[in-house]
Amino acid sequence: MNITDKVYYIGVNDRNIDLFEGQFIVPNGMAYNSYAIIDEKIAIMDTVDINFTNEWLGNIEAVLNGRKPDYLVVQHMEPDHSANIDNFLRKYPDATVVSSKIAFQMMNQFFGTDYAERRIVVAEGDSLDLGGRKLTFYTAPMVHWPEVIVTYDDFDKILFSADGFGKFGALDTDEDWACEARRYYVGIVGKYGVQTQALLKKAATLDIKKICPLHGPVLTENLGYYIDLYNTWSSYGVESEGVVIAYTSVYGNTKKAVEYLAEKLRENGCPKVTVNDLARCDMAEAVEDAFRYGKIVLATTTYNSDVFPFMRTFIDALTERGYRNRTIAFIENGSWAPTAATVMKKMLEKSKNITYAENNVQIKSAVSDKNLEQLEALAKELCE
Ligand code: FEO
């Protein structure tokens, strides 16, 4: 696949993967992107996952037409991109590795060598001349590991953005970009909003016509759309108006309250109501929703003087990603000593800029008439 006259896609689609990074379900697989820049000098941009060594080396051969690569640029050392560094360097003994200082330390950890005899260490703003173009490197620490660099090609005006602007899903799938890019961003990079903002500020100084990430499609049009979304996500802004209800229910009583609330929210004209049963849904999808919308209702049972386990996992996933700038309401259930709301509020105490709803609901075993009134009041408050 040609991206420009001299930039080629040489990545692979993974349709066999069960869990990406050991935890994320990927119903449409995953793409590990890699690119060849074929100028007077040839640079290969990153490698691919270990299960695709031969396919990827074959892709390189197919686009190089008998020429040999001069450089392997390593932007990120997570093994979905770095696993084939050593295989590549064995196949092309004259090639030089170009990467950050921290990445070479990681190569030593992964491969037992930091390639001291055949490497170029690059730092912020350093360039590599390929003849017809210059590649300039910018550090992007914690987007998504500390060693990450991104690369700007000044001839084709391409930003090679490493994990930034990546998404779940193989490239032979036709699906909405934002949905799986958001789940990817929030799940994988979400904790590092400040660092992502820093990267966006650097990118804003460049004239970018195309974005080539390490996962998901090459972005060639309407780049403002993608950059605006990344800006919202990384600044913990509200992307969509609406209310998310995240709940657990053991015998269906809390679920009844949730369903009643959802109905009342819709009746009150709430633009979007999303309900996630945390014991059964994809947790990463529920976390994504919590960061997408501005208001969230957490509904759960008291359990071992704490909250039901799936709710604890969920709130931990929010707080470890810097959850903030949201309105939160609680529905707690407990047959003898309901404490879930207190526990949840305590779990969230480090979250910044949270507005707590006034109409919280306490259910004792089953939903009472009084609870129905409280749920109606909560629906009204959240729709104001
Ligand atoms: Fe796609 Fe952080 O590796």
Which one is surrounded by the most Cβ atoms within 10 Å (Cβ to Cβ) among residues in the range 229-266 that are among the polar types (S, T, N, Q) and touching a strand residue (DSSP E or B) at 6+ places or on another chain (Cβ under 6 Å)? Thr248
Return the residues of the range 205-218 that are away from the ligand (no atom under 16 Å from the Cβ) and either within 19 Å of Ala181 (Cβ to Cβ) or touching a Leu at 6+ places or on another chain (Cβ under 6 Å) (or both); say none if nothing qualifies. Ile208, Lys210
Flag for Thr96 being in the same structural domain as Ile149 (by TED's automatic domain parsing), farther than 28 Å from Gly132 by Cα, free of Cβ contacts under 8 Å to residues at least 60 places away in the same chain and not hydrophobic (A, V, I, L, M, F, W, C): no
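Pick from the range 265-280 the residues that are among the aliphatic types (A, V, I, L, M) and outside any strand (DSSP E or B): which of them is farthest from Tyr323 (Cα to Cα)? Don't jump to the end; show me each part of the working.
Taking the range 265-280 first, the residues among the aliphatic types (A, V, I, L, M) are 265, 273, 275, 278-279.
Next, only the ones that are outside any strand (DSSP E or B) stay: 265, 278-279.
Details: Leu265: 23, Leu278: 17, Ala279: 21 Å.
Checking each candidate, the answer is Leu265.
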Quick one: would you say Phe160 is buried (at least 24 other Cβ atoms within 10 Å of the Cβ), within 24 Å of Gln23 (Cα to Cα) and either aromatic (Phe, Trp, Tyr) or away from the ligand (no atom under 16 Å from the Cβ) (or both)? no
Could you list, ordered by first residue, the pairs with Cβ atoms under 6 Å in which the first is in the range 148-165 and farther than 21 Å from Tyr192 by Cβ and the second is away from the ligand (no atom under 16 Å from the Cβ) and assigned to a strand (DSSP E or B), at least 6 apart or interchain? Asp153/Leu135; Asp154/Lys134; Asp156/Val7; Ile158/Lys210
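Which residue out of Glu373, Glu288, Glu332 is surrounded by fewer than 15 Cβ atoms within 10 Å (Cβ to Cβ) and either touching a strand residue (DSSP E or B) at 6+ places or on another chain (Cβ under 9 Å) or at pLDDT 95 or above (or both)? Write out each step before concluding.
Working: Glu288 fails: surrounded by fewer than 15 Cβ atoms within 10 Å (Cβ to Cβ); Glu332 fails: surrounded by fewer than 15 Cβ atoms within 10 Å (Cβ to Cβ).
Glu373 is the lone residue from the list that is surrounded by fewer than 15 Cβ atoms within 10 Å (Cβ to Cβ) and either touching a strand residue (DSSP E or B) at 6+ places or on another chain (Cβ under 9 Å) or at pLDDT 95 or above (or both).
With the condition kept exactly as written, say whether any residue in the range 244-255 is outside the structural domain of Lys272 (by TED's automatic domain parsing) and away from the ligand (no atom under 16 Å from the Cβ). Lay out the reasoning, then the answer.
So in the range 244-255, the residues outside the structural domain of Lys272 (by TED's automatic domain parsing) come out as none.
Among the residues of the range 244-255, not one is outside the structural domain of Lys272 (by TED's automatic domain parsing) and away from the ligand (no atom under 16 Å from the Cβ), which makes the answer no.
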For the list (1) aliphatic (A, V, I, L, M); (2) without any contact (Cβ under 8 Å) to a residue 60 or more places away in the chain; (3) surrounded by fewer than 18 Cβ atoms within 10 Å (Cβ to Cβ), I need the number of the one condition that Ala366 fails. (2)
Within the range 127-136, does at least one residue satisfy the condition of being part of a loop (DSSP other than H, G, I, E, B), within 16 Å of the ligand (Cβ to nearest atom) and in contact with a strand residue (DSSP E or B) (Cβ under 7 Å, 6 or more places away or on another chain)? no
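Out of curiosity, is Ala170 more than 15 Å from the ligand (Cβ to nearest atom), surrounded by fewer than 22 Cβ atoms within 10 Å (Cβ to Cβ) and among the hydrophobic types (A, V, I, L, M, F, W, C)?
Values: more than 15 Å from the ligand (Cβ to nearest atom): no; surrounded by fewer than 22 Cβ atoms within 10 Å (Cβ to Cβ): yes; among the hydrophobic types (A, V, I, L, M, F, W, C): yes.
In short, no.
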Ser234, sole failed condition from (1) in contact with a Leu (Cβ under 6 Å, 6 or more places away or on another chain); (2) within 16 Å of the ligand (Cβ to nearest atom); (3) more than 20 Å from Asp46 (Cβ to Cβ): (1)
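The values are calculated or read from the model by the stated rules, or taken from the named source; none is laboratory data. Everything numeric here is computed off the predicted structure, so don't read it as measured data. No Cβ is skipped: glycine too gets one built from the backbone with ideal geometry, and neighbour counts run over all protein chains shown.
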